[in-house]
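First comes the structure, then the notes that go with it.
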Amino acid sequence: MSSRASDLLTLTREGLYCPLGDFHVDPTWPVPRAVITHGHADHARAGHGSVLATPETLRIMAVRYGADFCDTRQEAVLGQSMRIGGVGVRFAPAGHVLGSAQVAIEREGARIVVSGDYKRAPDPTCLPFEVVPCDVFITEATFGLPVFTHPDTRGEVRKLLDSVRLFPERAHIVGAYALGKAQRVMALLREEGWDRPIHLHGAMEKLTELYKQEGIPLGDTPKVAAAERKDLHGAIVLCPPSAMQDLWSRKFPDPVTCFASGWMRVRARARQKGVELPLVISDHSDWPDLCRTIRDIGAGEVWVTHGQEDALVHWCGTQGIAAKPLHLLGYGDDGEAEPVADPAADPAEAAA
Ligand SMILES: [Zn+2]
Ligand SMILES: [Zn+2]
């Protein structure tokens with residue numbers, strides 16, 4: 001009997017499950033065997049029996065959860081197919097954060113691809129997204145509405161540097177997610193010629209150190225000492241989004257609050273978060289790139305895991321591609337993919 005790609009994965013309480021290989025992909029609960037696409041906490045959780053992931057993702061998990069985050073682990077080599085039970089499994093770069101990968105599962109010429117989170121925009125901190133032709137493509141839709149178009153990141157970083165030049169006596173506090181976004185902002189700042197130190201909140205130190213060990217040059221990134229905060233005139237300081245509104249960020253000289261996120265495209269959201277300088281820098285695909293990717297891959301069927309699923313499913317229909325929303329719970333916790341409370345309100349504002 002020939003295989004159908006759509007039979008290679010089913011949905012269980014824990015998430016996507018491959019019965020023929022007896023493993024889950026990015027499960028949201030502890031399982032005996034997990035295949036992990038990338039290190040963001042909503043995809044990579046602690047407590048699985050075995051974990052198969054790229055070496056970078058395994059190291060990220062060890063930094064976040066401790067060396068004993070699972071019982072046994074196996075490194076996946078990008079591009080190399082391996083046999084798990086009755087299926088072949090191959091990892092391909094996803095362009096999302098360091099170590100991020102898509103997982104292709106195949107049997108008898110039928111192939112399904114779980115992309116995890118991905119983007120097509122250039123990122124100096126990770127390998128670019130690879131188009132893997134398949135029968136069923138599983139995609140996210142964090143920014144799955146036509147109003148979401150991300151600008152060139154270089155222009156966003158220049159806005160930050162212009163502001164630093166304009167207000168040399170003020171500290172610029174940039175909120176950015178600790179895995180991926182923060183290091184990408186640092187790398188982009190270096191590309192634009194910022195050669196002074198980039199000061200870090202303590203919560204970003206370990207992952208930034210890991211990026212450097214993986215060979216990504218980020219320059220001098222000292223941790224901010226409590227005593228020196230008031231003296232950091234004209235400095236660029238990166239901190240997790242959660243630290244932006246608290247006392248920590250207010251101790252800097254006349255701080256300019258900045259925030260690096262795809263959601264900064266929505267002006268109401270920037271205002272609501274008290275962000276003075278929104279920087280539209282996203283590690284997720286915008287609407288044109290979601291559509292372009294689905295076209296490039298040429299899959300006959302698309303499953304949408306989370307985000308603005310309905311609009312993307314509808315668009316697939318207009319292209320003659322079968323599509324369905326999976327409504328996966330537990331995803332969207334990577335600091336950017338936060339759920340929109342009122343989907344109708346935000347895009348309207350963004351379109352204004
Ligand atoms: Zn992610
Ligand atoms: Zn995610």
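Any read-out appearing in this document is the output of simple, stated calculations on the displayed coordinates, not a laboratory observation. Remember, predicted model here, so these are calculated numbers, not experimental data. Because the Cβ atoms are built from the backbone with ideal geometry, glycine has one as well, and the counts that use them run over all protein chains shown.
How far apart, in nm, are two points set 7 Å out from the Cα along the Cα-to-Cβ line at residue 292 and at residue 203?
3.3 nm
Quick check on the chain: take the gyration tensor over C-alpha atoms, sort the square-rooted eigenvalues as a ≥ b ≥ c, and tell me if it's rounded (a/c under 1.5), prolate or oblate.
prolate
Classify segment 13-130: rounded, prolate or oblate, from the alpha-carbon gyration tensor (a ≥ b ≥ c, eigenvalue square roots; a/c under 1.5 rounded; otherwise prolate if a/b is larger than b/c)? Walk me through the numbers before you get to the answer.
Working: a/c = 1.66, a/b = 1.03, b/c = 1.61.
It comes out oblate by the Cα gyration axes.
Using the basic label-point model (7 angstrom from Cα toward the beta carbon), what is the residue 80 to residue 329 distance in nanometres?
3.9 nm
If amide hydrogens are placed 1.01 Å from N in the peptide plane, which non-local residues have theirs closer than 5 Å to the one on residue 23?
Result for residue 23 returns 18.
Which listed residue (150, 188, 331) has the Cα farthest towards the positive end of the charge dipole for the chain, taking +1 on Lys and Arg C-beta and -1 on Asp and Glu C-beta about the Cα centre?
188
For the chain, what is the relative contact order in percent, using Cα pairs closer than 8 Å and at least 6 residues apart in sequence?
Values: 770 pairs, mean separation 58.8, N = 352.
Normalised by residue count, the contact order of the chain is 17 percent.
Return the single residue from 81, 282, 242 with maximal mean-square fluctuation; model: Gaussian network over the chain, springs between Cα atoms under 10 Å.
Per the Cα network of the chain with a 10 Å cutoff, 242 tops the list.
Using DSSP to call loops (not H, G, I, E or B), can you name the trypsin sites (Lys or Arg not before Pro) in segment 1-94 whose Cβ has at most 10 other Cβ atoms within 10 angstrom? If you can, show how the numbers build up before the last one.
Numbers: sites: 4, 13, 33, 45, 59, 64, 73, 83, 90; in loops: 4, 13, 45.
Here the trypsin sites (Lys or Arg not before Pro) that fit, given the DSSP loop and packing criteria, are 13.
Classify segment 153-279 as rounded, prolate or oblate, taking a ≥ b ≥ c as the square roots of the eigenvalues of its Cα gyration tensor: rounded when a/c is under 1.5, otherwise prolate if a/b is larger than b/c and oblate if not.
Details: a/c = 1.31, a/b = 1.14, b/c = 1.15.
Rounded is the answer for segment 153-279, as its axis ratio a/c remains below 1.5.
Do you know the relative contact order of segment 153-279, to the nearest whole percent, from alpha carbon pairs under 8 angstrom that are 6+ apart?
Numbers: 200 pairs, mean separation 45.4, N = 127.
For segment 153-279, the relative contact order is 36 percent.
Treating only the Cβ of Lys, Arg, Asp and Glu as charged (+1, +1, -1, -1), what charge dipole size does the chain show about its Cα centre? Round to the nearest 20 debye.
Details: 37 positive and 46 negative charges, 86 e Å.
Dipole size: approximately 420 debye.
For the Cα atoms of the chain, what angle does the longest principal axis make with the long axis of helix 309-318, in degrees from 0 to 90, nearest 10?
60 degrees
How about segment 65-138: which GluC sites (Glu not before Pro) there are in a DSSP loop, with at most 14 other Cβ atoms within 10 Å of their Cβ?
Values: sites: 75, 106, 108, 130; in loops: 108, 130.
Qualifying residues, ordered by number: 108.
Want the number for residue 254 to residue 11: 0.36 nm per residue separation, take away the alpha-carbon distance, what's left?
Values: separation 243, 0.36 × 243 = 87.48 nm, distance 5.05 nm.
Length gained, residue 254 through residue 11: 82.4 nm.
Let me know the charge dipole size of segment 153-279 about its Cα centre in debye, to the nearest 20, where only the beta-carbon of Lys, Arg (+1) and Asp, Glu (-1) is charged. It would help to have the intermediate numbers written out before the result.
Details: 21 positive and 15 negative charges, 105 e Å.
Roughly 500 debye for segment 153-279.
Can you tell me the 0 to 90 degree angle between the C-alpha axis of helix 55-65 and the longest principal axis of the chain, rounded to 10?
60 degrees
Show that you can apply the helix-only estimate: for the chain, add -39,500 (n - 2.57) for every DSSP H stretch of four or more residues, divide by all residues, and state [θ] at 222 nm to the nearest 500. Don't skip to the answer; put the middle values down first.
On the way: 9 runs with 83 residues, N = 352.
Value at 222 nm, helices only: -6500 deg cm²/dmol.
Let's test the formula: R0 of 35 Å, r as the Cβ-Cβ distance of residue 226 and residue 152. What FRET efficiency results, to the nearest 0.05? Before the final figure, lay out each step's value.
Details: r = 37 Å, r/R0 = 1.05.
FRET efficiency, residue 226 to residue 152: 0.45.
Find out how many positive minus negative residues lie around residue 279, taking Lys and Arg as positive, Asp and Glu as negative, among other residues whose Cβ is under 9 Å from that of residue 279. Intermediate results must be reported in sequence, preceding the final value.
Details: positive: 159; negative: 156.
So the surrounding residues net to 0.
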